[in-house]
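Asker: Can you read through this structure? Questions will come right after.
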Amino acid sequence: MLHSLRRFPGAVLLAACCGWTSAQARPVEPAPRPSAPRVLTAVTSVRLLPEGLELRAGDATLRISALRDDILRIRASPGESLPEDASWAVLSAARARQVKVKALPETPSAVGFRTAALEVRVEKNPLRLVILDLQGNILSVDAVGRPMQFVAGGFQVTRQMPVDEHYFGLGDKAGPLDRRDQAFTLWNTDAYRHQESTDPIYKSIPFFMAVRAGRSHGILLDNTWRSHFDFGKQWRDAYSFGSEGGPLDYYFIHGPEPRKVLEGYTFLTGPAPLPPRWALGFQQSRFSYEPESRVREIATRLRSDRIPSDVLFLDIDYLNQFRSFTVDPSKFPDLPGLLRDLGQQNFRVVSISDLHIAQVPNAGYAPYDTGIAGNHFVHNPDGSVFAGRVWPGASVFPDFTRARTRAWWGALYKDLVAQGMAGHWNDMNEPSVFSSQKTLPLDSVHRIEEPGFESRDATHAEVHNIVGLQNARATYEGLLTLKPQERPYVLTRATYAGGHRYGATWTGDNSATWNHLRLSTPMLLNLGLSGFSLAGVDVGGYSGSPSEELLTRWYQVGAFNPLYRSHAEKGTADHEVWAHGPAAEAVRRRYIETRYRLLPYLYTLAEEHSRTALPMMRPLFLEFPEATADKHPLDLDAGHEFMLGRALLVAPPPYAENQDTYQVLLPPGTWFDFWTGQKVEGVSPTPSEVKVTPKLEELPVFVRAGSILPLQPLVQHTAEVPQGPLELRVYPGPDCKGGVYLDDGHSFAYKRGAWLRQEFSCEVDAAGLRVKVARPTGGYPAWWKSLDIVVHDWPTANTSATLGGGGKPAVHYDAEARTLRVSIPATREGSELRLTRKP
C-alpha cells in the first residue's frame, strides 16, 4: 500500500487523542552524555565450564559455550552477570543444548577448548577470540587492535575481514547479493519507493553467512535493538556488528558447506512450516479491487482467459473507513456471498489487516473496545495509551509482547475465518506511523508478559524490530486456534530472525522500474539465506506503471520465484496479465502455465525447505560451493542468475531494457535448455559462458544434467486434479536423481502419515540407460496412474524398452528434439525401466 505522507501532509502524533494534553506531555529529556567505552582488553580470570569457558576482563564477563559441536554461543556483559537468557528468535530448546568440550592446556598467553568440529582459542592480552576448524584453518578472529567494547548502553564486535571473504544474508536489504563493502542499519522501516541505496527498510534479520575459499560459517546476532553491520565500509580489513542497546549475544555456526550453515541457523531459529499448496499458485492483487463487482470481474476474466490462478487479495479499501476487521457495507454488501462464489470458482481470498486499531471510543468498534478493556495497547511513559495517525486516522497499537494480547488479536479473525477468508496479510507492521519518525516514540512502553521471559516493561527502542514478527505470530497462532486442521497462510511485511516460523513475506513497496526488477533477485536470494524461502516481490512493481516489456519480463521472472503475486498501487496503469493486449497476455500466460506444470517440483521444494532449511530459490554457490578455481562464490560473476531448487538455473538479462547480448555463466557440468530440451554445447568441468541474445518472449532457463524433473498436466488452479500422467523429464548425467512429494495440500494430515514421497534415479552405461522409480512411501494416494518418462539427448530411435517385470512398453522418438518418450504404469511397488540402444 501507499504509505507516504502525501495523503496526510499534516500528520503528527496525536497526544491529545491519547488521554493527555501537550501540557501534560512528558518533557523531552536531554540525551545522556556518552560514557567512556568499556573495552575488553585483557583476560583477568578464567573459569572452565563443561560446555566451554567463562572469562573476566576487569569488570566485564565473556562466556563462550558450545551448543553443538558446530555451534557456539558468545555472550558478554560489561558487568559480573550476564543478561537474562531469553530470546524472541532462538528456540529455548536450542539455547538449552550443550555438548561437553575438551579443555586445551592453559598457557600464560591463551586458553581454549575443542569440540568435535571446532577449536576455540582466547588470547589473553590483548583479548582476542579465535575460532578455528580442526585442520587449523582460522575461520573467524577478532580484529587486531579493535577489541570488543561496550559504549553508551550498546556494544560493538569487530572481526578480521580477509580479502577473499564474502558475506550474504541480512534478509532483503537492497543492493548486490554480496554484502562486502557495504554497511547496514537494522531498524524496521516503512520504506515506500525504496531504492538500491535505501537503508534501513522493512525487516531486521541479523544473520549473515561468510564464505571464503570454499569454507562457510554464519553469525546470528540475537539483539532486537537498532543494530548495525559494517562489512568493510569503515575499515578495509575488518567487519563489525553491534547495537545501541540490549545484550551482546551472538552465535557462530560452522559449515563448512553453506547448506550446513543454513541447517544450523534453522536449528537455532526453528523450521518454516509447510505452506498450503495454493500459496504456490499465481496471486492477483491491487490497492484496491473495489467494489465487490470489480473483484468478481477480475476473477471472471482470469478464468475466461484461462490464466491459471489461485488467489485474490483484498486491500484496505474493502474495510470500513480503513478499520481492520471491518467490511465496508456499501462496497462489499455481501462479503460471505462473495467469498462463497469465488470459492466455487476455486479462488482463495486473502484479506489485509493492518496492525493499528482505529481509536474510536463509543462507536461500537469491537477491536478497540475489547482492546482497551483488556489493556492490549502500547502506552506512553505517563501510563496513557499511545496513539498515532495511520490510515484510519487516530490509531492505537497492540502490544504483541504480551501473550494475552496475541491471543486477543488472533481471536479477532473469527468472523473472517468463519466467512471463508483463506489467508491474512499483515501490513504496516514495522510498525508504521504517519509521522516524521515513521514509528512509535522510542520511549513508548510495552509490557513483556511472555513464557520464558521475565515480566517487565520495555521501551519501544527495544521492542520495535520484533513487532512485525510478533504480529505475524499472533495471526498465525490465532488462525491455528480457529481452524486447527488447516495450515495458516500469513503474509507479513516486517519481521525479525525466526519470523519464517509464521509464514511468508515479500519485499515491500517496490517500483515499476528495470532496476527494481534487477534488485528482486538478490533480495529474494538473501531472504532465502535468512530463513524466508516463501518470499516474493510485487510483480510489475508496486509504485508506478510498467511498460509492456517490463511487465512481461517481470511475469517471466516471477514465475520462477517462490511467491508469485502481481500487486500495484492506486493510480497506476493495469498490471494484470492482460494489460497491453492479447499478444503480451499470451506470453505472460505461457509462463504462468509453465509454473503450474512445475507445481510437483515446486511443492516438493517447499516441503524440502520445511525439513532441511534449503531455500527454494538459491544462489549458485549453495549448489556449487567449489565451482571456481579459487573457490570464490560463483554468484560474484553472475549476480543476475539463480537456481530454483537443485535442477533449474534461471538467467534473466542483467540489463534487459537495453536488449544487449549477454553471457550466461553456467556452473561446471552439462546443462540443457529447459524449453527445447537440447543439450547446451561447449560446457565443461569449469564454469562456462553461453551467449544469449534477449528475446521478449523468452527467458533463458537451463536444467542441470543429472536431474529428473517432475511435471504435471496443465491445471487452472491447484485444487484441480491433473488429468493424465506425471511426466518425468530425465536429463542424463552424474548423480542423476529427482523426486516428488504430495499430500492434500492444505491440512496437517501429512503429520499423521497422509503423504507420498517417491524418488527417481537414472544410470547411464555402455548399452543405454536405467531409470529407477522407487517404491513410494507414505499413505497418500497419487493422482497419477501412469508415468511419462521423457529422456533428453537420446541419440537414436533404434531403442528397446524393458520394464523390470518383463513388460515391453512402446518407444516414441522425436529425432529433431532428440528425446525418447516411454509411458509406464505407476505402481505401489515402483519399477525399473531399461532403455537399450540396438546395434
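Asker: Quick one: net charge of Thr777's neighbours, Cβ under 11 Å, K/R +1, D/E -1?
Answerer: My count for the surroundings of Thr777 gives +2.
Asker: Could you sort 642-648, 238-244, 453-459 so that the peptide with the highest average Cβ count within 10 Å comes first and the rest follow in order?
Answerer: 642-648, 238-244, 453-459
Asker: Sticking with this one: Which of Ser707, Leu62, Asn561 sits farthest toward the positive end of the charge dipole of the chain, with +1 on the Cβ of Lys and Arg and -1 on the Cβ of Asp and Glu?
Answerer: Checked the options; the winner is Ser707.
Asker: Mind listing the long-range amide H neighbours of Thr492? Cut-off is under 5 Å, sequence gap 5 or more, other chains count too, H placed in the peptide plane at 1.01 Å from N.
Answerer: Excluding prolines and chain starts, which carry no amide H, the hits are Asn426, Ala504, Thr505, Trp506.
Asker: Run down the aspartates and glutamates and flag those whose C-alpha is under 12 Å from the C-alpha of Lys737, throwing out any fewer than 8 positions away in its chain.
Answerer: Excluding near neighbours in sequence, the set is Glu759, Glu763.
Asker: Cβ under 14 Å from Thr41's Cβ, Thr41 left aside: what net charge do those residues give with Lys, Arg +1 and Asp, Glu -1?
Answerer: Here the charged neighbours net out to +2.
Asker: By the scheme Lys and Arg +1, Asp and Glu -1, what is the net charge of all other residues having a beta-carbon under 15 Å from that of Glu697?
Answerer: -1
Asker: How large is ³J(HN,Hα) for each residue in the range 576-589, as worked out from phi by the Karplus curve 6.51 cos²θ - 1.76 cosθ + 1.60 (θ = phi - 60°), to whole Hz, x for Gly and Pro?
Answerer: 5, 4, 7, 4, 6, x, x, 5, 5, 4, 4, 5, 5, 4
Asker: While we're looking at this one, here's another question. Between rounded, prolate and oblate, where does the range 38-256 land on the alpha carbon gyration tensor, with a ≥ b ≥ c its root eigenvalues, rounded for a/c under 1.5, else prolate if a/b exceeds b/c?
Answerer: prolate
Asker: Taking the Cα centre of the chain as origin, sum charge times position over the Cβ atoms of Lys and Arg (+1) and Asp and Glu (-1), and report the length of that vector in debye to the nearest 20.
Answerer: So the magnitude is around 1360 debye.
Asker: Which ³J(HN,Hα) values, rounded to whole Hz and listed in residue order, are derived for the range 383-400 from phi using the Karplus coefficients 6.51, -1.76 and 1.60 in 6.51 cos²θ - 1.76 cosθ + 1.60 with θ = phi - 60°, glycine and proline given as x?
Answerer: These are the phi-based 3J(HN,Hα) values: x, 6, 7, 6, 9, x, 8, 9, 4, x, x, 4, 9, 10, 10, x, 9, 6 Hz.
Asker: Amide H of Ala57 versus every other amide H placed in the peptide plane: which residues, excluding those fewer than 5 positions away on the same chain, fall under 5 Å?
Answerer: HN-HN under 5 Å from Ala57: Thr44, Leu62.
Asker: Now, a different point. Roughly how many debye, to the nearest 20, is the charge dipole of the range 28-108 about its Cα centre, given +1 on each Lys and Arg Cβ, -1 on each Asp and Glu Cβ, and no other charges?
Answerer: I would put it at about 160 debye.
Asker: Separate question: Just order 147-156, 294-303 by mean Cβ neighbour count inside 10 Å, highest at the front, would you?
Answerer: Highest-to-lowest ranking by the protection proxy: 147-156, 294-303.
Asker: While we're here: Taking θ = phi - 60°, what integer Hz values does the Karplus form 6.51 cos²θ - 1.76 cosθ + 1.60 yield along the range 238-246, in sequence order, with x for Gly and Pro?
Answerer: For the range 238-246, the Karplus-derived couplings read 8, 10, 9, 8, x, 8, 8, x, x Hz, x marking Gly and Pro.
Asker: Non-local amide H neighbours of Arg729 (under 5 Å, H modeled in plane, Pro and chain starts lacking H): which ones?
Answerer: Leu709, Leu711, Val790
Asker: Go through 810-820, 206-216 and give me the packing order, highest mean Cβ count within 10 Å leading.
Answerer: Per-residue mean Cβ counts within 10 Å order the peptides as 206-216, 810-820.
Asker: Another question about this same structure. Quick check on my link table: of Lys691/Lys808; Lys679/Lys785; Lys695/Lys772, which ones sit more than 32 Å apart, alpha carbon to alpha carbon?
Answerer: Long pairs (Cα-Cα over 32 Å): Lys691/Lys808; Lys695/Lys772.
Asker: Which value, in Å to one decimal place, does the Kirkwood hydrodynamic radius take for the chain when every pair of different Cα atoms is included?
Answerer: 28.4 Å is the Kirkwood radius here.
Every number in this text was worked out from the coordinates using simple rules, so none of it is lab data. Predicted model, so just to flag it, every value in this text is computed and none were measured. Ideal geometry is used to build each Cβ from the backbone, glycine not excepted, and the neighbour counts take in all protein chains shown.
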